[in-house]
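The values are calculated or read from the model by the stated rules, or taken from the named source; none is laboratory data. Please read these numbers as outputs of a predicted model, since none were measured by experiment. Ideal geometry is used to build each Cβ from the backbone, glycine not excepted, and the neighbour counts take in all protein chains shown. Heads up: the accessible areas ignore ligands, DNA and RNA and are worked out on the full protein's heavy atoms, side chains in. Shrake-Rupley method; radii C 1.70, N 1.55, O 1.52, S 1.80 Å.
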Amino acid sequence: MSISDREELAGPVSKPARRKALLKYALKAVVSTALIAYILHTQVDNVDEIWQAISGADPWLLTAAFLLHIFGFLLCSWRWQILLRAQNFLVPIIELIRAYAIGIFFNSFLPGVMSGDFMRALDISDRVPSYTQSLLILFVERLTGMIALLVLALIALPLIGWDIVEETGILWVLVAVSAAVIVISLTFLSNPFRRLATRVSEVGPFRRAQGIISKITETSAVFSGRMGSVYGCILISVVFQAIVVLHFYLIAQALGFGVPVIYYFALIPVSLFIMMVPISINGIGVREQAFIVLFGFFGVPASSAISLAWIALAFALVQAVAGGVVFALRRKVATS
């Protein structure tokens with residue numbers, strides 16, 4: 001890796017950026033704590049009901065849900081490998097699984113300046129020396145996931161009945177997200193975008209970023225010429241997002257929810273989109289409120305909705321801890 005590439009990788013972890021990220025993290029922690037306190041105080045009559053629901057959950061269904069979570073993680077690593085290969089980077093799947101696990105750990109436990117995507121890009125920096133290009137590939141990977149989530153939700157809408165769609169208001173969330181995804185996708189993959197970016201890089205103050213802008217246009221052009229790989233990743237993402245929905249469905253079944261499976265293909269995507277609003281840590285507080293509102297339309301009590309959210313969060317944290325172990329072992333090997 002060249003000196004300029006190393007500087008590109010080191011830049012995002014400067015002290016001012018770290019302080020800013022820590023402040024944001026602290027604010028998100030306050031929001032999460034306040035939301036949980038508000039929910040428990042106003043919407044749950046007896047907090048013990050949550051623990052009773054969790055302790056009474058079917059262990060076999062919970063095990064199946066957790067295994068689905070693990071399978072989805074492996075599927076995502078394969079999707080990442082396909083996008084890397086489209087950009088002519090050949091990375092063994094085992095390295096991507098390791099990097100993905102490390103990314104999950106940092107996403108769950110550490111501030112945004114050391115985000116999961118940054119650590120995933122850093123972990124394979126010997127294979128993809130450009131930090132900018134590596135992050136752009138991850139950006140496209142996340143975009144395919146959002147497209148797939150939208151596809152599942154939009155297919156499910158007419159199946160669950162328009163009266164419920166109107167009552168829950170989920171259609172407007174999906175319309176807003178769809179518009180954003182379409183605009184971002186078409187912009188990033190378009191020739192006009194690349195021409196504009198090239199011209200901007202030649203203007204005075206932007207010349208210092210000419211190398212980064214060049215990587216952006218180069219990556220965009222390669223993906224535009226290899227849309228077969230992108231479409232393939234969208235199909236993989238559809239399978240992955242279906243697994244995510246079934247993961248939540250199995251947890252809900254373990255808790256005794258009586259909501260038909262088809263409804264989850266609309267409710268879970270909407271919940272996940274709402275959780276993407278960056279106002280709390282890992283969606284804590286937002287997730288619980290979304291589940292209370294959406295599942296409440298089907299008669300699910302708040303304590304059960306919270307139980308669903310907390311079990312799903314616990315599974316994610318177990319996976320994150322495993323990623324932390326991988327990271328610790330990786331550092332030990334690197335420094336020995």
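Here the spin labels are modelled as points 7 Å beyond Cα on the Cα-Cβ line, and at Ile155 and Ala180 they lie 2.4 nm apart. The computed Kirkwood radius over Cα pairs in Å for the structure shown corresponds, within (i) 21.5; (ii) 22.1; (iii) 19.7, to (i). Amide H contacts under 5 Å for Val91: none, restricted to partners 5 or more places along the chain or on a different chain, H placed in the peptide plane at 1.01 Å from N.
Compute, for the chain, the length of the dipole vector about the Cα centre, with Cβ point charges of +1 (Lys, Arg) and -1 (Asp, Glu) only. Units Debye, rounded to 20. Mind showing how you got there, number by number?
Details: 24 positive and 18 negative charges, 338 e Å.
Charge dipole of the chain: 1620 debye, to the nearest 20.
GNM remark for the chain: springs join alpha carbons under 10 Å apart, and the peak mean-square fluctuation among Val238, Val91, Val200 falls on Val200. Identify which of Ala99, Ala242, Ala197 has the largest mean-square fluctuation in a Gaussian network model of the chain, with springs joining Cα atoms closer than 10 Å. Top of the fluctuation ranking is Ala197. Ordering Ala156, Gly211, Trp310 by Cα displacement along the dipole of the chain toward the positive end leaves Gly211 in first place; charges were set at the Cβ atoms of Lys, Arg (+1) and Asp, Glu (-1). Remark: the chain carries 49 Å² of accessible area per residue (probe radius 1.4 Å; ligands, DNA and RNA excluded).
Relative contact order (percent) for the chain, with alpha-carbon contacts under 8 angstrom and 6 or more residues of separation?
On the way: 360 pairs, mean separation 105.7, N = 336.
Relative contact order of the chain: 31 percent.
Calculation over all alpha carbon pairs of region 122-162 in 10 angstrom steps from 0 returns a P(r) of 26, 28, 21, 15, 8, 0 percent.
Of all the options Ile234, Ile216, Ile94, the one that moves most in a Gaussian network model of the chain with Cα springs shorter than 10 angstrom is Ile94.
One decimal place: the segment Leu40-Leu74 gains 8.7 nm when fully extended, by the rule 0.36 nm per residue minus the C-alpha distance.
Quick one: plug the Kirkwood hydrodynamic radius of region 236-318 (C-alpha pairs) into Stokes-Einstein at 37 °C, 0.692 mPa s, and report D in µm²/s.
Calculated translational D: 256 µm²/s.
The string of couplings for region 213-219 from the Karplus curve (6.51, -1.76, 1.60, θ = phi - 60°) is 4, 4, 5, 5, 5, 5, 5 Hz, one whole number per residue in order, with x for Gly and Pro. The accessible surface of region 189-336, taken with every protein chain in place and a 1.4 Å probe, is 67 percent carbon and sulfur. Can you figure out the FRET efficiency of Val47 with Tyr231, using R₀ = 45 Å and their beta-carbon distance, to the nearest 0.05? Once the sixth-power term is evaluated, E becomes 0.40.
How large is the dipole of region 76-138 about the Cα centre if only Lys and Arg carry +1 and Asp and Glu carry -1, each at its Cβ, rounded to the nearest 20 debye?
Details: 5 positive and 4 negative charges, 30 e Å.
So the dipole magnitude of region 76-138 works out to roughly 140 debye.
The count of lysine pairs in the chain whose Cα atoms are under 27 Å apart, excluding pairs fewer than 8 places apart on the same chain, comes to 6. Taking the alpha carbon gyration tensor of region 79-168, multiplying each eigenvalue by 5 and rooting it gives semi-axes of 33, 16, 11 Å, largest first.
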